[in-house]
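Data block below; observations after.
The values are calculated or read from the model by the stated rules, or taken from the named source; none is laboratory data. This is a predicted model, so every value here is computed, not measured. Cβ: placed from backbone, ideal geometry, glycine included. Neighbour counts: every protein chain shown. Just the protein is used for accessible areas: all its heavy atoms, side chains included, with ligands, DNA and RNA removed. Shrake-Rupley method; radii C 1.70, N 1.55, O 1.52, S 1.80 Å.
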Amino acid sequence: MAQQEFLIGDIAAITGLSRDTLRFYEKKGILNARKKANGYRYFTEDDLYLLVHILFSRKMNIGLDTTKEMLPVPHMCSDYQELIQQRIQEEAEAIRFHRQILGRLNSIKKIYGKTGSFRDSICMKAFPPSRILARLDSRQEGLKHWFKLSREYPGLDMVYVYDCYQYQSGFSLEPDSAGASSYEAGLQYECSFLALYQEVIEELGLDYDFSDREIWSDGSCIHTVAETEETVPPVSLVSSMRKWAAGRGILPSAQVIVTANFSRYQDDVPFYCQEIYIPSVKKPKGFIH
């Protein structure tokens, strides 16, 4: 049966493809027009069927080169079935990757939103339920381990590095210039640990075995958020937090737990957003975890 013939403009009108796209398909050798004696190039119904196949392949994210390569292969053939299975695996991985990006964005939005509401104010706040992935002996080792985890396990870039200090205080035995005893305080570094919040684990659906990782949560901490020029919390701020707690009948422990995240860079000076927790020994009345 003789097939109807179409000019390139007809094909463009029927398919919604531009003439440039159709010419590109011709250039790639995947579509072939027939040139008649009058000089016009014609397409047939077979070309329309072929374009259906091409467009459907593109909808399956199969590249033009692969589509051209597979043209001689029947759809029932194992090679074609393997191609489809490969695309299924690739798209499933892409979905997983984008779900993690979306989950990461949602988690950051919630975490930073909550953090921002606590800035420059002192309150009681539970440490987020977390899995402890590692404990290290130095801040540098903590950072190195963060890079190792984030490189080896997708999604573990959401791990937070927390540094632990011991608050040391006392009165100086040497009087100051006015003849009065001066109050001394300091922070002694202890260790670092890498914590991944439970809500992040649930949000991202991470493919990682957390079963042997320590679960940690402290239901009663003196807490604040501050922006500083150092990664170590200011002793004066920690002292203010302890004083705030004492005024409310809360006994703070000597431990200070802080995570410092890069906040901004201004006038060649880095600033860090610090979230500081001081576990309490004596919980305040009416505190709800």
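Only the Cβ atoms of Lys and Arg (+1) and of Asp and Glu (-1) were treated as charged; on that basis the dipole of segment 1-100 about its Cα centre amounts to roughly 360 debye.
Calculated accessible area for segment 31-90 comes out at 70 Å² per residue, all protein chains present (probe 1.4 Å; ligands, DNA, RNA ignored). Across the alpha-carbon atoms of segment 64-113, the computed radius of gyration and Dmax are 18.0, 56 angstrom. Dividing the convex hull volume of the alpha-carbon atoms in segment 86-162 by its residue count gives 119 Å³ per residue.
Dividing the radius of gyration of the alpha carbons in the chain by their Kirkwood radius gives 1.29 for Rg/Rh.
For the chain, the dipole from Cβ point charges (+1 on Lys and Arg, -1 on Asp and Glu) about the Cα centre works out to 780 debye, to the nearest 20. For the chain, the longest piece that avoids every one of the trypsin sites (Lys or Arg not before Pro) found in DSSP loops with at most 10 other C-beta atoms within 10 Å covers 37-284. Against the empirical 2.2 N^0.38 Å (N residues), segment 2-116 has a Cα radius of gyration ratio of 1.58. Could you tell me which of the pairs Lys36/Lys59; Lys59/Lys110; Lys28/Lys59; Lys109/Lys243; Lys59/Lys109 are separated by over 29 angstrom between their Cα atoms in the structure shown? Among Lys36/Lys59; Lys59/Lys110; Lys28/Lys59; Lys109/Lys243; Lys59/Lys109, the Cα-Cα distance tops 29 Å for Lys36/Lys59; Lys59/Lys110; Lys109/Lys243; Lys59/Lys109.
To put it simply, the accessible area of segment 1-126 at a 1.4 Å probe is 56 percent carbon and sulfur. Between segment 8-60 and segment 203-230, the alpha-carbon centres lie 57 Å apart.
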